[in-house]
Amino acid sequence: MRRNVQIELTVNGEAAEASFAPYKTMLEVLREDLALTGTKHGCELGECGACAVLIDGEPKLSCLVLAVECAGKSVDTVEGLASGAELHPLQAAFADLGAAQCGYCTPGILMTAKALLEKEPQPSRERIKEAISGNLCRCTGYQQIFEAIEEAARRMSDESAR
Amino acid sequence: MKVLGKPRRRVDGRAKVTGQTRFADDIVLPRMLHMRLLRSPHPHALIENINDEKAKAYPGVHLVLTGKDFPVTFGILPVSQDEYPLAPEHVRYVGDPVAAVVAKDEQTATEALDLISIKYRSLKTISSPEEALANPEPRIHAYSELGNIHRLQAFEFGDVEDAFKRSDLVFEDLFFYEGNTHLPIEQHAAVAAVDGEGKLTLWSSTQVPHYVHRALARVLQLSPAGIRVIATPNGGGFGGKTDICNHEMVVAKAAMLLGRPVKVCLNREEVFYLHRGRHPVLMKFRTGVTKDGRLAGMHLQTLVDGGGYGGYGAASTFYTGALQTTTYELPRYKFEAARVFTNKPPCGPKRGHGTPQPRFGQEIQLDRIAEQLGMDPAELRLKNILKPNSLTANWLKVGSIGLAECIRQVVERSDWNNRFRKMPAGRGLGLACGAYLCGAGLPIYWNKMPQSGVQLLVDRSGQVTAFCGATEIGQGSDDVLAAIVAEVLGIDPFDVRCVTGDTGMTPVDLGSYSSRVTVMMGNAAIDAANKIRLQIAEAAAEQLEVSPERLSFANGKVFFESKEMTFAQAAGLAEEKFGTLGAVGSYKPPRAPGRYKGAGVGPSPAYSYTACVVEAEVDPATGWVTVPKIWIAHDIGRTINPVLARGQVEGSVYMGLSEALMEEQVFRRLPPKLSGALVHKIPSLLEYKSLTSLDMPEVDTVLVEDPDPNCPFGAKEAGQGPLLPVMPAVANAIYDAVGVRIDELPITPDKVLRALEKKSKGEPARVGPEHFPAVPYPEPLVVPPPWEGGDGNAVPGAQRLKAKAA
């Protein structure tokens, strides 16, 4: 029998424990052991960006991170993005402006964009393009994603100005 | 219009941004097991022996299945029932599934795959159409029409040679469109389970649950009443989930045998093997024109590389010629096509299904014709646009055509007249147009039943539930359903609950393919909603003391002048008067006028039109092509939700540009010491290149509204047509920029450099196919076009198609 490893970490702001086979990636542990299926997989190679989550605030490809490496760390996924029932401004803008078509790449892009806006509250279009260049979207052609991130940045700065 | 045409959040938008949309691989059931498939490492071989004893004995393994467990074949088309869920004796491409292991987890199943030993006897690999034509043996399939030629088709709509004689110029050009794949970010997944009644449920990332339902009944030899197929929201489809898939059949069988839920999720490498993507097509166009820029006739020959199985291929092959007549007036047209089998993953429908390839050739050739005649390419096209409500040479009935306005829009917005042929060296503009179906006129299997059904449930609380078999693949089919029902009943789209894509719960809709959903489901939804509306109006009218036809439904109210009540009150009165409220609606496309054999591919209730201008910059030192901006105008008939419509158009532009510049499904031969087999060069996302956010140009999108009477509120498709003009517009822009013709896709820097080098040596500045092989096309079916007499039938005695081929 394989032996599971056990770690403690913070997931979406809450203390969590997970027990899993030691070869598992953070992506697998999130989806299979923590029942957080909002984070997606698309390539197993770190190419598509669908699995992007924040680890200690930094966007990371969870398919390339061994879960055991996340012991004691803080992991944020799309499930933790909204405040209660209220959507995060990025989520609202993505839904309103057509930035999510099939929605499969959306969680990874939302998390990547969140990290961007935390560092740069008013990013230029070029900076947005760079920030999400590791997230493939086959549906939208990216325009509406750029616009949604810009709109979210506006809404967030309006809120903080209030 | 209270709902339609207004930008709105899609009804399923919230689920998609919160991670709550449940894709197939997100489904977890108690006691669920996991399945993996073993795939052939050989492109062409016979299976001599399978030993699965070690795998069966491996701890954690519950079941091993092989070809002998599946005696019945399947295939999406009735004429191509040529696939086994697991190949019993003959494998036809690297990746052809041969065995399955079901285990307690994916890792155990994967480990057990290595314990299955299979003895293969290699057969000669047929790697290209040329090899298929040259090698009738070994046969990849015994049922093919001639050697390794799967299908041969030939039609002549009027005497084209005579038309060429009367032409001032006849252009002859060869083009090649390399195959590419859909690359949905969601890999195919399915979960099968036996419910409490002993019936099978399959959740699958499929665009066509109805066809999967039929195939399961056939392959598993079960009553259709004992099977329920639920299409989970697809994480992108683009045609890649429109075929029946091996893993769907196998996982269903495993769940039935084990009495436990079983999940299968393909990895990315397997998705490349499953493929069903764009067919590589070699094309020869001969087109006659008069000096004043009128098309006199066209002769198109295509040679289609089908890969290892039939799939949609017979239809795809028809589509390499069927829609050439739908854009410009073409008095005479001859079309010959051949699809060959090769030992590569099977090709199928990708966005535009068979039509982007000939559109690429046609629109580049038009650019050439315009140049030779000294005409502006936009003017040439405007001069030749088909008249609305007309018949084509091949007997397609075309309705509204907003193409002239589309061309005018992109010409004006790109400042075409001041910039085309006038930009500095290395920069250029290219224009192209396209047309596409709004749903295939005929279902995939012959029947006279509706192609789409919608059922509505309304209760006294005013809540409305819409049931439809249509499949949400990201394009927004649920939103279209909710919007149309809401428009008719005067309520908010968010007050409509959509239950879709479930063969056990929803009326049949044939699926999300051929851009059929808006038109077909939309018409069925109007039909159902109007029935409910009549009942509600009658009940409300009594109470309000007005005649029912004077009542309006809007903003959640039923009213006439100052007399009004809420929709819920009115629904309650109707329930009181008529009993439980419900209605069904259905839609079947109008009968197409063509009567000849083969006339079934091409008809549609309506056609969408698109014009596109691409700006390109070419670096002469590297051959690198940069596209800073694209202007596109799409005749959508009427816009249901502009946010989603724009997304479909821009997504098409993205995918078209990606195909134009980099996407390709290519293969290589291993060296002889490593078996000499033909393998995928790039079965991974690391190597299959597609545009990223950094490569995507600015897109200027215009929606042109020319409502079509066959469509719901006039709304046509937007999901596929806008892709078509992008690739040729890129090629035409490169010609404007540096004066070289790249007549094959993708247009990679090496091809541009090669063409520039030829140009500098004074050779023809072109890179593209140099010859078209001799294809044994049969005698054509002779069908006089509408303006040359005839009634849509073939001329008697001319039907020698089969005879010649045999």
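Tabulated values for the structure
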| item | result |
| --- | --- |
| Qualifying position, being crowded, with 16+ Cβ neighbours inside 10 Å and of a type in the set (S, T, N, Q), among B:T108, B:T73 | B:T108 |
| The stretch B:699-723: number of residues that are away from chain A (no Cβ under 14 Å) and within 26 Å of B:S452 (Cα to Cα) | 14 |
| Number of the exception - B:E779 against (1) assigned to a loop (DSSP other than H, G, I, E, B); (2) modelled with pLDDT under 95 | (2) |
| Considering residues of the stretch B:102-122 that are aliphatic (A, V, I, L, M) and out of contact with any Gly (no Cβ under 6 Å at 6 or more places or on another chain) only, the residue nearest to B:R260 (Cα to Cα) | B:V102 |
| Check on B:T317, among the hydroxyl-bearing types (S, T, Y), part of a helix (DSSP H, G or I) and modelled with pLDDT of 95 or more | yes |
| The stretch B:225-244, residues that are small (G, A, S) and over 14 Å from B:A470 (Cβ atoms) | B:A225, B:G226, B:G235, B:G236, B:G239, B:G240 |
| Counted residues, the stretch B:245-292 - those being of a type in the set (V, I, T), closer than 21 Å to A:G42 by Cα and not in a helix (DSSP H, G or I) | 2 |
| Of all residues in the stretch B:221-245 being away from every other protein chain (no Cβ under 14 Å) and out of contact with any Gly (no Cβ under 9 Å at 6 or more places or on another chain), the one that is nearest to B:D26 (Cα to Cα) | B:C245 |
| A:A67 more than 13 Å from the chain's Cα centre (by Cα), more than 11 Å from chain B (Cβ to nearest Cβ), crowded, with 19+ Cβ neighbours inside 10 Å and not β-branched (V, I, T) | yes |
| Residue within the stretch A:74-91 that is within 27 Å of A:C139 (Cα to Cα), part of a loop (DSSP other than H, G, I, E, B) and of a type outside the set (A, V, I, L, M) present | yes |
| Enumeration of residues in the stretch B:169-183 that are in a strand (DSSP E or B), out of contact with any Leu (no Cβ under 8 Å at 6 or more places or on another chain) and crowded, with 19+ Cβ neighbours inside 10 Å | B:D173 |
| Of all residues making up the stretch B:26-45, the number that are within 14 Å of chain A (Cβ to nearest Cβ) and in a loop (DSSP other than H, G, I, E, B) | 5 |
| Number of the exception - B:P683 against (1) in a helix (DSSP H, G or I); (2) more than 20 Å from B:Y513 (Cβ to Cβ) | (1) |
| Residues that are under 20 Å from B:E744 (Cα atoms) and either assigned to a strand (DSSP E or B) or of a type in the set (S, T, Y) (or both), drawn from the stretch B:299-313 | B:H299, B:L300, B:Q301, B:T302, B:L303, B:V304, B:D305 |
| Some residue of the stretch A:123-140 being touching a helix residue (DSSP H, G or I) at 6+ places or on another chain (Cβ under 7 Å), of a type in the set (S, T, Y) and farther than 18 Å from A:E58 by Cβ | yes |
| Filter pass, A:Y104 being in contact (Cβ under 8 Å) with a residue 40 or more places away in the chain, within 10 Å of chain B (Cβ to nearest Cβ) and of a type in the set (F, W, Y) | yes |
| Hits in the stretch B:1-25 - residues which are away from every other protein chain (no Cβ under 14 Å) and out of contact with any strand residue (DSSP E or B) (no Cβ under 8 Å at 6 or more places or on another chain) | B:M1, B:V3, B:L4, B:G5 |
| The one condition in (1) within 11 Å of chain B (Cβ to nearest Cβ); (2) under 14 Å from the mean Cα position of the chain (by Cα) that A:E58 fails to fulfil | (1) |
| The listed residue being in contact with a strand residue (DSSP E or B) (Cβ under 9 Å, 6 or more places away or on another chain) and either within 13 Å of chain B (Cβ to nearest Cβ) or crowded, with 24+ Cβ neighbours inside 10 Å (or both), out of A:E130, A:E86, A:E79, A:E126 | A:E79 |
| Wholly enclosed strands (runs of 3 or more DSSP E) of the stretch B:520-626 bearing at least 3 residues under 30 Å from B:L431 (Cα atoms) and within 36 Å of the chain's Cα centre (by Cα) | B:607-618 |
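Per-residue answers, yes or no, for (1) surrounded by fewer than 24 Cβ atoms within 10 Å (Cβ to Cβ); (2) over 29 Å from B:N447 (Cβ atoms):
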position	(1), (2)
B:A190	no, no
B:K199	yes, no
B:R214	yes, no
B:A225	yes, no
B:T232	no, no
B:K241	no, no
B:V262	no, yes
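Residue by residue, here is whether (1) hydrophobic (A, V, I, L, M, F, W, C); (2) under 15 Å from B:A252 (Cα atoms); (3) in contact with a His (Cβ under 6 Å, 6 or more places away or on another chain); (4) surrounded by fewer than 18 Cβ atoms within 10 Å (Cβ to Cβ) holds:
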{"residue": "B:L29", "(1), (2), (3), (4)": "yes, yes, no, yes"}
{"residue": "B:R36", "(1), (2), (3), (4)": "no, yes, no, no"}
{"residue": "B:R39", "(1), (2), (3), (4)": "no, no, no, no"}
{"residue": "B:I47", "(1), (2), (3), (4)": "yes, no, no, no"}
{"residue": "B:G60", "(1), (2), (3), (4)": "no, no, no, yes"}
{"residue": "B:S80", "(1), (2), (3), (4)": "no, no, no, no"}
{"residue": "B:E89", "(1), (2), (3), (4)": "no, no, no, yes"}
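The values are calculated or read from the model by the stated rules, or taken from the named source; none is laboratory data. Not measured: the values here are computed from a predicted model. Neighbour counts are summed over all protein chains in view; Cβ atoms, including those assigned to glycine, are modelled from backbone coordinates with ideal geometry.
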